[in-house]
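Visitor: Below: one structure in structure tokens.
Values quoted throughout were computed directly from the atomic coordinates according to the rules given, and no laboratory measurement underlies them. Here the structure is a predicted model, which is why all the values come from computation and not from measurement. Glycine gets a Cβ as well: all are built from the backbone with ideal geometry, and neighbour counts include every protein chain shown.
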Amino acid sequence: MPIREIRHPLIRHKLGLMRRADISTKNFRELAQEVGALLTYEATKDLTLETYEIEGWCGTVQVEKIAGKKITVVPILRAGIGMLEGVLSLIPGAKVSAVGIARNEETLQAHTYLEKLVPEINERLAMIIDPMLATGSSMVATIDLLKKAGCKEIRAMVLVAAPEGIAAVEAAHPDVTIYTASIDERLNEHGYIIPGLGDAGDKIFGTKQKDV
Ligand SMILES: O=P(O)(O)OC[C@H]1O[C@H](OP(=O)(O)OP(=O)(O)O)[C@H](O)[C@@H]1O
Ligand SMILES: O=c1cc[nH]c(=O)[nH]1
Ligand SMILES: [Mg+2]
């Protein structure tokens with residue numbers, strides 16, 4: 001199952017607010033973190049649990065914890081940072097592997113400029129975060145480098161996904177499930193998602209809005 005659109009009412013509501021042309025940087029940032037947290041809740045729903053025993057207030061009690069694999073969250077810089085706090089609010093122990101990728105706005109090809117992966121990443125579940133999945137070239141490049149580093153289980157969370165990007169990830173990496181708040185209609189001639197959110201990196205960091 002490579003794509004999961006999470007149509008939860010809270011997510012739909014928050015994403016609707018994010019689509020407003022006049023949204024402030026502050027509100028966009030807050031909502032990106034909130035939707036990031038809600039997607040994390042869904043994307044971790046099937047993690048396996050194991051029971052163990054503790055001393056509780058009335059004697060020993062069986063409790064549960066997440067079994068096996070540790071997690072690394074992989075924000076695709078810059079815009080992925082805009083979801084990081086939200087994700088870590090639910091998985092505070094996760095280690096962070098930063099991947100810097102910028103899309104060439106002419107060719108729409110992804111260019112990798114930073115790769116700072118945590119040790120023993122091959123033993124971790126990697127959860128990639130990026131607000132936008134447009135052509136898919138940034139996501140495919142990230143999955144390529146994680147697999148090269150030995151990652152065996154990879155999931156991705158994006159706020160908005162275009163059908164073109166979903167198809168690209170599915171073709172290159174059919175084993176990776178993508179969790180998204182919305183599958184939007186299409187890309188425009190500049191490779192921007194319609195209706196989308198505009199330039200998510202610029203909105204999160206307050207840098208100049210490009211004419212998209
Ligand atoms: O699916 P794609 O066609 O590759 O496009 C999506 C990428 O574009 C944006 O990043 P951008 O390159 O603008 O960098 P930024 O995060 O530094 O703004 C976005 O955050 C994704 O990483
Ligand atoms: O719609 C898009 C596509 C790529 N990057 C963005 O920030 N937005
Ligand atoms: Mg950008």
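Visitor: Just want the ordering: K95, K65, from fewest to most Cβ atoms lying within 10 Å of their own Cβ.
Guide: Details: K95 16, K65 9.
Exposure proxy ranking, most exposed first: K65, K95.
Visitor: Further, regarding this structure: Between A110, A168, A67, where does the largest GNM mean-square fluctuation fall for the chain, given springs only between Cα atoms within less than 10 Å?
Guide: Among A110, A168, A67, the largest mean-square fluctuation in the Gaussian network model of the chain belongs to A67.
Visitor: Counting only pairs 8 or more places apart or on different chains, how many lysine pairs in the chain have C-alpha atoms closer than 19 Å?
Guide: Within the chain, the lysine pair count is 26.
Visitor: HN-Hα J couplings of region 179-189 from phi, Karplus 6.51/-1.76/1.60, θ = phi - 60°, integer Hz, Gly and Pro as x?
Guide: With the stated coefficients, region 179-189 comes to 9, 9, 7, 7, 8, 8, 6, 5, 9, 8, 5 Hz.
Visitor: Within the chain, what percent of beta bridges assigned by DSSP are antiparallel, to the nearest 5? Could you put the intermediate results ahead of the total?
Guide: On the way: 16 of 42 bridges.
Just about 40 percent of them are antiparallel.
Visitor: With the contact rule set at Cα under 8 Å and sequence spacing of 6 or more, what percent relative contact order holds for the chain? All intermediate terms of the calculation are to be shown ahead of the outcome.
Guide: Values: 415 pairs, mean separation 48.0, N = 212.
Reported relative contact order: 23 percent.
Visitor: Counting only other residues whose beta carbon sits under 11 Å from that of I154, what net charge do I get with K and R as +1, D and E as -1?
Guide: Values: positive: R124, K147, K152, R155; negative: D144, E153, D175.
With Lys, Arg at +1 and Asp, Glu at -1, the neighbours total +1.
Visitor: Let me check I've understood the local charge: for M83, count other residues with C-beta under 11 angstrom from its C-beta, Lys and Arg +1, Asp and Glu -1. What total comes out?
Guide: Numbers: positive: R29; negative: E34, E85, D130.
Residues close to M83 contribute a combined charge of -2.
Visitor: Can you compute the charge dipole magnitude of region 1-87 about its Cα centre, using +1 on each Lys and Arg Cβ and -1 on each Asp and Glu Cβ, nothing else charged? Give it in debye, rounded to the nearest 20. Please report the intermediate quantities before stating the final value.
Guide: Numbers: 13 positive and 11 negative charges, 121 e Å.
Dipole magnitude for region 1-87 comes out near 580 debye.
Visitor: What fraction of the DSSP beta bridges in region 69-186 is antiparallel, stated in percent and rounded to the nearest 5?
Guide: Details: 6 of 29 bridges.
Restricted to region 69-186, the bridges split so that about 20 percent are antiparallel.
Visitor: Mind checking region 13-105 for GluC sites (Glu not before Pro) that DSSP puts in a loop (not H, G, I, E or B) and that have at most 13 other Cβ atoms within 10 Å? All intermediate terms of the calculation are to be shown ahead of the outcome.
Guide: Working: sites: E30, E34, E42, E50, E53, E55, E64, E85, E105; in loops: E105.
Here the GluC sites (Glu not before Pro) that fit, given the DSSP loop and packing criteria, are E105.
Visitor: Something else: Sorting F205, F28 on the 10 Å Cβ count, fewest up front, what's the list?
Guide: Numbers: F205 15, F28 22.
By the 10 Å Cβ count, ascending: F205, F28.
Visitor: Would you grab the residues whose amide H sits under 5 Å from the one on I71? Only those 5+ places off in sequence or on another chain, please, with H modelled 1.01 Å from N.
Guide: K95, L125
Visitor: Right, here's the next one. In degrees between 0 and 90, to the nearest 10, how far off the longest principal axis of the chain does helix 25-43 point, with axes built from Cα atoms?
Guide: Relative to the chain, helix 25-43 is tipped by roughly 50 degrees.
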